[in-house]
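Worksheet: one structure, shown below.
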Amino acid sequence: MIVSNPAFSAEDTPYVIVLGIAQDGGAPHAGCTKACCAERWDDPEKQFSVSCLGIVDPRTNEVWMIDATPDFPEQYHVLAQNGKHTLKGIFLTHAHIGHYTGLVHLGREVMGAKSMPVYAMPRMRTFLESNGPWDQLVSLDQIKLKLLENESPQALNDRLTVIPFQVPHRDEYSETVGYRVVGPSFSLVYIPDIDKWERWERDINEVILENDYILIDGTFFGDGEIPNRSMEGIPHPFIVESMERFGNLPGKEKSKVRFIHLNHTNPVLHSESSERKNMTLKGYKAARRNEKFKL
Ligand SMILES: [Zn+2]
Ligand SMILES: [Zn+2]
Ligand SMILES: [Zn+2]
């Protein structure tokens, strides 16, 4: 009789799950009366929550979240599976509203969390400690701030590690990090917000070669996407620029890429758009809600 070793069963494999794929304002976007959002208001199938990842260890039923977004209630619900999974901590990327304001739900008005570990870089931590209402979460011990250090691995348990790394972005209130999530077999890189690739000291093409899944800033498809507003003040790598930059990589490498953090104006959010078809033809994908990546 063959007895399968539970330590190696497939259901046991830890994974990352995509809990949201939109830019900070989600889609539909507050106040948007344009065609990009017109069909979304009344059709839940066409609504996209804000970029967020969950890390799941099915062996221990422990889960972690990367970023606490304005869509935290629904994202927590999907991740926790009605209490089957226990949230062990939240890793924050930076202090823009799509990435941390979901923490309000941990407060006494809602969940009344107890010592929930919240991992943050030094400026992000100081921001939370010294501004309301976040400082109350700290003083009432609803969240327990855990200091992260650039490039310093943070062990989640005996087979999962998270490594923050700083990236250039509009750092008004905090520094900005991406995360590398490393499991027993595979690694995933998550960079929801970054200025242009050339402003980063690392070569994104090397990062693709060195990791297995690459979930990166695809906020805007191309220049001119926001009419009547200069896009120089809100720099992101346009998807067209990223595709150009990755153009010489083999198809196997391109297939690791998922564009995420998509703005409501991004034509890639429409499955039938010519831009999306063009992107697919070139070998790239947009992240999908509930998509899983085995670690
Ligand atoms: Zn953002
Ligand atoms: Zn819109
Ligand atoms: Zn940002």
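The values are calculated or read from the model by the stated rules, or taken from the named source; none is laboratory data. Quick caveat, the model's predicted, so the values are computed rather than measured. Please note: Cβ atoms are built from the backbone with ideal geometry, for glycine as well, and neighbour counts cover all protein chains shown. Heads up: the accessible areas ignore ligands, DNA and RNA and are worked out on the full protein's heavy atoms, side chains in. Shrake-Rupley method; radii C 1.70, N 1.55, O 1.52, S 1.80 Å.
So, Leu128, is that one surrounded by 19 or more Cβ atoms within 10 Å (Cβ to Cβ), under 21 Å from Ile17 (Cα atoms) and in contact (Cβ under 8 Å) with a residue 24 or more places away in the chain or not? So Leu128 does not fit the description; no. Filtering Gly89, Gly98 for residues that are modelled with pLDDT of 95 or more and in a helix (DSSP H, G or I) leaves a single hit, Gly98.
Against the test of being at positive phi and either of a type outside the set (A, V, I, L, M) or loosely packed, with under 13 Cβ neighbours inside 10 Å (or both), the options Gly224, Gly233, Gly251 yield a single qualifying residue, Gly224. For Ile208, the conditions (1) in contact with a helix residue (DSSP H, G or I) (Cβ under 6 Å, 6 or more places away or on another chain); (2) open to solvent by 20 Å² or more (accessible area, probe 1.4 Å); (3) in a helix (DSSP H, G or I); (4) closer than 24 Å to Met279 by Cβ all hold with the exception of (2). A search for C-beta distances below 8 Å between a residue of segment 186-214 that is within 16 Å of ligand 1 (Cβ to nearest atom) and any residue that is open to solvent by 50 Å² or more (accessible area, probe 1.4 Å) and not aliphatic (A, V, I, L, M), counting only pairs 6+ apart in sequence or on different chains, returns Tyr190/Arg180; Asp195/Arg170; Lys196/Glu241. Taking Ala113 as the residue in question, decide whether it is within 16 Å of the chain's Cα centre (by Cα) and of a type outside the set (Val, Ile, Thr). No.
Quick check: anything in segment 62-73 open to solvent by 30 Å² or more (accessible area, probe 1.4 Å), acidic (Asp, Glu), farther than 20 Å from Lys146 by Cβ and within 16 Å of ligand 1 (Cβ to nearest atom)?
Filtering segment 62-73 down to residues open to solvent by 30 Å² or more (accessible area, probe 1.4 Å) leaves 62, 70-71, 73.
Filter again for acidic (Asp, Glu), leaving 62, 71.
In the following step, the residues that additionally are farther than 20 Å from Lys146 by Cβ were identified as 71.
The next check asks that each one be within 16 Å of ligand 1 (Cβ to nearest atom); those that pass are 71.
Within segment 62-73, one or more residues are open to solvent by 30 Å² or more (accessible area, probe 1.4 Å), acidic (Asp, Glu), farther than 20 Å from Lys146 by Cβ and within 16 Å of ligand 1 (Cβ to nearest atom).
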